[in-house]
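The values are calculated or read from the model by the stated rules, or taken from the named source; none is laboratory data. On a predicted model such as this, the values are computed, not experimentally measured, just so you know. Cβ placement follows ideal geometry from the backbone for every residue including glycine, while neighbour counts extend to all protein chains displayed. Just the protein is used for accessible areas: all its heavy atoms, side chains included, with ligands, DNA and RNA removed. Shrake-Rupley method; radii C 1.70, N 1.55, O 1.52, S 1.80 Å.
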Amino acid sequence: MARRNDHTREELVNMTLEQVKNFLDEHPHHELSLRKVAAMIGYVPSTLVNVFGNYNLLLLHAVAQTLDELFQQAELCVRDSTSSQQALRNLAFCYLDFATAHPYRWQLIFQHTMNGEDLPEWQTDRIDNMTGMLEALIGQINSDMSDEQVLEASRVIWAGVHGITLLTVDDKLFTSSPVDGKALINNLLDTYLNSWHK
């Protein structure tokens, strides 16, 4: 068993999050535990508590890592677009593609709870970055909208894309013939975009 001083705090954080990420590539988070994570890196659970504060915060760091990756991919998708409308579509497709490629990591983002604790600022900043990207695109597409209208439209679109993504990842669309999640997202966005340009 490794001792606390065998690695720096930063090394322990990186080792731990890498092991959690690898585990979530194959298994859902509810099969994980503090004891399991500690065993993976050769430390005792109390060491991880000293480093992260508690198991809940350890998982929140894993969520943050996932959000960082999703944000980086989303930025690339949006940057490579030829118009704001195309960027909105690419952002939605990126969300679906990421969730499909990393279902257990993506599910943890929404299944993780703070158990009554406040969400740390470093996590709310990440969420604001993701929602801000969507709000900015909607504001560019429809400049006549007020801030409140942009906010509402962004949440409706995100809820629709999230719902399609969730049902696609869980294979719960309940159709007799195969349905493509991207086709459903196109349907949703076409309806919105057409209503804005009447």
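Of all GluC sites (Glu not before Pro) in region 7-66, which ones are in loop regions per DSSP and have a Cβ with at most 11 other Cβ atoms within 10 Å?
Working: sites: Glu10, Glu11, Glu18, Glu26, Glu31; in loops: Glu26.
In loop regions of region 7-66 (DSSP not H, G, I, E or B), the sparsely surrounded GluC sites (Glu not before Pro) are Glu26.
So which GluC sites (Glu not before Pro) in region 94-198 pass both tests, a DSSP loop state and at most 16 other Cβ atoms within 10 Å of the Cβ? Mind dumping the intermediate values first?
Details: sites: Glu117, Glu121, Glu135, Glu148, Glu152; in loops: Glu117.
Here the sparse-neighbourhood loop sites are Glu117.
Could you please state, rounded to a whole Å, how far the C-alpha centre of region 7-86 is from the C-alpha centre of region 94-127?
Here the answer is 10 Å between Cα centres.
Taking all protein chains as present, what is the carbon and sulfur share of the accessible area of region 20-96, in % to the nearest whole number, probe 1.4 Å? Write out the running numbers ahead of the final one.
Numbers: 1760 of 3450 Å².
The nonpolar share, carbon plus sulfur, comes to 51 percent.
Quick one: if you stick a label point 7 Å off each Cα along the C-beta vector at Lys172 and Asp97, how many nm between them?
Output for this residue pair reads 2.6 nm.
What FRET efficiency comes out for Ala159 versus Val44 if R0 is 35 angstrom and r is the Cβ-Cβ distance? Round to the nearest 0.05. List each step's numbers first, then the result.
Values: r = 42 Å, r/R0 = 1.21.
Once rounded, the FRET efficiency stands at 0.25.
Largest first and to the nearest Å, give the Cα extent of region 102-153 along each principal axis.
Its Cα atoms span 40, 26, 16 Å along the three principal axes.
Hey, quick one: spin label on Glu26, modelled 7 Å out along Cα-Cβ, who in region 38-74 has an amide N within reach, i.e. under 12 Å?
Backbone N within reach: none found.
Please sort through the DSSP H helices of the chain and keep those with an alpha-carbon extent of at least 15 Å along the long axis and a Kyte-Doolittle average not below -0.5.
Values: long enough: 9-24 (22 Å, -0.35); 55-79 (36 Å, 0.46); 84-101 (25 Å, 0.30); 121-141 (30 Å, -0.26); 147-169 (32 Å, 0.66); 181-196 (23 Å, -0.03).
Both cut-offs are met by 9-24, 55-79, 84-101, 121-141, 147-169, 181-196.
Accessible area per residue for the chain in Å², computed with a 1.4 Å probe and the full protein assembly in place, what is it?
Values: 11000 Å² over 198 residues.
Accessible area per residue, the chain: 56 Å².
Could you work out which residue, out of Ser33, Ser146, Ser84, moves most in a Gaussian network model of the chain, that is, has the largest mean-square fluctuation with Cα springs under 10 Å?
In this elastic network of the chain, the residue with the biggest mean-square fluctuation among Ser33, Ser146, Ser84 is Ser146.
Thinking of region 55-107 as a set of Cα atoms, what percent of all their pairs are more than 15 Å apart? Write down the numbers at each step before the final one.
Numbers: 683 of 1378 pairs.
Taking all Cα-Cα pairs of region 55-107, the fraction more than 15 Å apart is 50 percent.
So for region 57-198, considering every pair of alpha-carbon atoms, how many percent are separated by more than 20 Å?
Details: 5006 of 10011 pairs.
So the pairs more than 20 Å apart make up 50 percent of the total in region 57-198.
State the three equivalent ellipsoid semi-axes of region 122-198, derived from the C-alpha gyration tensor as the square roots of 5 times its eigenvalues, in descending order and whole Å.
Values: eigenvalues 129, 66, 12 Å².
Here the semi-axes work out to 25, 18, 8 Å.
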